[in-house]
Ligand SMILES: [Mg+2]
Ligand SMILES: [Mg+2]
């Protein structure tokens, strides 16, 4: 029985990354370890029907761009805020996966003492990394000063925290959050 | 020029409480004072059309009950989480304005060191109070042990923090949050 292989396969059982994170958050919540939720998708509602004796039905609505990140909550007294991104790239993470307003949002949260990061999944190899927002900000800002439009995988491997798929939670990303918190406590 | 009266009228200019809070959050964000947002309304999407050359259109969807509270974010290193409730009652706040899962959510957040509260508006008198979650929990739990199904206005006035309508932000509720944080620092 190849334990590593067994765990690795959790990543390609057909669960989406969002589903994997939601399951992990559910585990953390059930164990009283953290309260972190995905925000609902923002929708612009145009037309609603109110039929008698049944629930209001939305007949016309459109997806809106989220102005913040997808996940936030609280862990051990810290405000946690992150976005999850998948890439099919093998060698780098394209910065175009982020939008300026998401970066602005995370910068504002960091200013207030929040812990922010990107949870990046390389889908072809099923590898997941937590990349702290300050590292993300650096490469984000550099691209406008002639820097690359992506962060190379070796850089992510060096600066980020690799998260191995696990049984419970599926993606134990709080391990990385703990290390980030410790790092700032030491400064 | 009656300054107080001028300020008081902000509350009944036709803005909803949600709009007033969103404007206040926008002010706090623009001043770098806090990052607090309303979560989007959760929607269950049933049918989506993908017309060529135009945006995806949701043709059938339903409102879902929120499993958490409406607002959260970060202020001065603290995780902030609250719900806003309006009542037309003059003498008390009916606990039926809350749902068990919202209380459970706030209890879990408090366990993690978050600052949680209810922002309660008495719409007939345009009075707003911040009631700390621990006080809310007490009366919530008491109702199942033979206690009242509501919290009297004098009790809210005694335990809560009255927030006067202001110009900028319209509802300066961080003043109450600061007092709550100080209270816990002193313990
Ligand atoms: Mg995302
Ligand atoms: Mg509400």
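Restricting attention to the stretch A:152-169, the residues that are closer than 27 Å to residue A:96 by Cβ and surrounded by 16 or more Cβ atoms within 10 Å (Cβ to Cβ) total 8.
Within the stretch B:83-108, being out of contact with any helix residue (DSSP H, G or I) (no Cβ under 8 Å at 6 or more places or on another chain) and under 14 Å from residue A:74 (Cβ atoms) holds for one residue alone: B:105.
The residues of the stretch A:164-187 that are touching a helix residue (DSSP H, G or I) at 6+ places or on another chain (Cβ under 9 Å) and part of a loop (DSSP other than H, G, I, E, B), listed by number, are A:164, A:165, A:166, A:167, A:168, A:169, A:170, A:171, A:172, A:173.
All conditions but one from (1) surrounded by fewer than 19 Cβ atoms within 10 Å (Cβ to Cβ); (2) within 14 Å of ligand 1 (Cβ to nearest atom); (3) over 18 Å from residue B:58 (Cα atoms) apply to residue A:69; the one that does not is (1). Of the listed requirements (1) out of contact with any strand residue (DSSP E or B) (no Cβ under 9 Å at 6 or more places or on another chain); (2) without any contact (Cβ under 8 Å) to a residue 24 or more places away in the chain, residue B:108 misses just one: (1). Of the strands (runs of 3 or more DSSP E) lying entirely inside the stretch B:10-99, those carrying at least 2 residues that are at the interface with chain A (Cβ under 7 Å from one of its Cβ atoms) and without any contact (Cβ under 8 Å) to a residue 60 or more places away in the chain are B:35-38, B:57-63, B:71-75.
Summed over the stretch A:100-129, residues that are away from ligand 1 (no atom under 14 Å from the Cβ) and away from chain B (no Cβ under 12 Å) total 7.
Sub-9 Å Cβ pairs linking a first residue in the stretch A:161-177 that is on the phi > 0 side of the Ramachandran plot to a second residue that is at pLDDT below 95 and surrounded by fewer than 21 Cβ atoms within 10 Å (Cβ to Cβ), at least 6 apart or interchain, number zero.
The values are calculated or read from the model by the stated rules, or taken from the named source; none is laboratory data. Since this is a predicted model, take the numbers as computed values, not measurements. Because the Cβ atoms are built from the backbone with ideal geometry, glycine has one as well, and the counts that use them run over all protein chains shown.
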